[in-house]
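Contents: one structure, followed by commentary.
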Amino acid sequence: MLFVIAVEFFLTCIRFAYHIVIAIIYSILPRKAKNVEGDIVLITGAANGIGKIVAKKFADLNATLVLWDIDKKANENVAREIEVMGKRAYAYTVDVTQKESVYKVANRVKMEVGDVNILINNAGIVSGKKLLDCDDDMIIRTMEVNMISHFWTVKAFLPAMLENNEGHIVTIASAAGLLGVSQLVDYSASKHGAIGFDESLRHELTDMHSGINTTVVCPYYTDTGLFYGCKSRFPKILPILEPEYVASCIVDAILQNQHILFVPKILSIFIFLKTILPTSAFIVLGKFFGGFTFMDNFQGRAKKNFNRKF
Ligand SMILES: NC(=O)c1ccc[n+]([C@@H]2O[C@H](COP(=O)([O-])OP(=O)(O)OC[C@H]3O[C@@H](n4cnc5c(N)ncnc54)[C@H](O)[C@@H]3O)[C@@H](O)[C@H]2O)c1
């Protein structure tokens, strides 16, 4: 018994060292990007913001796009824009919180378009209120859109991926899924859940020796309108990001089968500090960097006179 454990420990050390070396090599030399030509890429929340730009980037790579959004008109416009590019896109009006609707439309996608190769869970909402000002229904809605819907979409598309022994599940989470933010208790909780969902699913899929990849994306604030009105205290160090840049990073990470993506990379330093510093010291740091005041001028999507840029 002791001998078996000793052998297993030895093999574990070799595998561990192998993966460290590979990670170092990949951090210096980017991995070869996978070819997604002809792949079917489904994006939730594809009608606006990051989802829309990611959709167009995959269309540029000759993938077939399946666009899901609750915003019918904007979603169909994105499909038309992709068709004008000479590429294939199918728009479906779906509220991702409606489990039965997700399963029903997923079956239609399978019949009308085919098996999805890359599923990108991107739809998201934010209330932007302090916990006690948050309407109960809005808290539930935030959890449902930003996290619980991932269970329904993955349950709908994972079986075919397993059958084909090929696929990729992408979770668009947030930096707020790793670092708590004042006035984002519901949003941050939902994004922590989304990150836990990705990590646990990755372990499950690895244990099954499946050929399915997962990627979780944690962007800092991005200028799509979702967080309209918010300001960074130190824009030189942590600027509000351009959606085009975030979308490019997401597509690159997917093409390279990267497991986790922080945009910008400097976020990983804050996450590391959070794990080693006393909580009280980290709070002092967070306050200095504007973590307590970032949401003060939040207006978000609800702002009536806000013109969507994307
Ligand atoms: N913008 C940021 O600062 C930022 C930062 C970190 C993470 N994110 C995450 O990135 C993702 C995309 O954000 P964005 O900034 O592009 O937002 P966005 O508001 O521009 O786009 C979100 C899309 O999701 C759709 N949607 C909302 N509820 C839905 C539902 N129930 N069913 C189907 N579709 C629904 C909306 O109609 C919209 O088209 C979200 O998950 C968001 O939480 C955004």
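Key figures
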item: Qualifying positions in the stretch 260-274 - within 14 Å of I195 (Cβ to Cβ) and exposed (fewer than 15 other Cβ atoms within 10 Å of the Cβ); result: S268, I271
item: Some residue of the stretch 205-217 being farther than 23 Å from K32 by Cβ and either within 14 Å of the ligand (Cβ to nearest atom) or under 20 Å from the mean Cα position of the chain (by Cα) (or both); result: no
item: Condition met for L241 (touching a strand residue (DSSP E or B) at 6+ places or on another chain (Cβ under 6 Å), within 16 Å of the ligand (Cβ to nearest atom) and more than 29 Å from F157 (Cα to Cα)); result: yes
item: N164 vs. criteria within 19 Å of I250 (Cα to Cα) and open to solvent by 20 Å² or more (accessible area, probe 1.4 Å); result: no
item: Residue match in the stretch 45-67 (condition: in a strand (DSSP E or B), within 23 Å of Y221 (Cα to Cα), open to solvent by less than 10 Å² (accessible area, probe 1.4 Å) and of a type outside the set (D, E)); result: no
item: Residue within the stretch 205-214 that is open to solvent by less than 30 Å² (accessible area, probe 1.4 Å) and over 26 Å from D60 (Cα atoms) present; result: yes
item: Lone qualifier among N146, N164, N117 - being in contact (Cβ under 8 Å) with a residue 24 or more places away in the chain and within 18 Å of H192 (Cβ to Cβ); result: N146
item: Residues within the stretch 95-122 that are within 16 Å of the ligand (Cβ to nearest atom) and either open to solvent by 20 Å² or more (accessible area, probe 1.4 Å) or more than 22 Å from G167 (Cα to Cα) (or both), tallied; result: 10
item: Enumerated helices (runs of 4 or more DSSP H) restricted to the stretch 218-302, each holding at least 2 residues that are over 16 Å from V54 (Cβ atoms); result: 267-276, 279-288
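The values are calculated or read from the model by the stated rules, or taken from the named source; none is laboratory data. Here the structure is a predicted model, which means the values were calculated and not measured. Cβ atoms come from the backbone with ideal geometry, glycine included; neighbour counts cover every protein chain shown. Areas reflect the complete protein model, heavy atoms only, side chains present, ligands, DNA and RNA absent. Shrake-Rupley method; radii C 1.70, N 1.55, O 1.52, S 1.80 Å.
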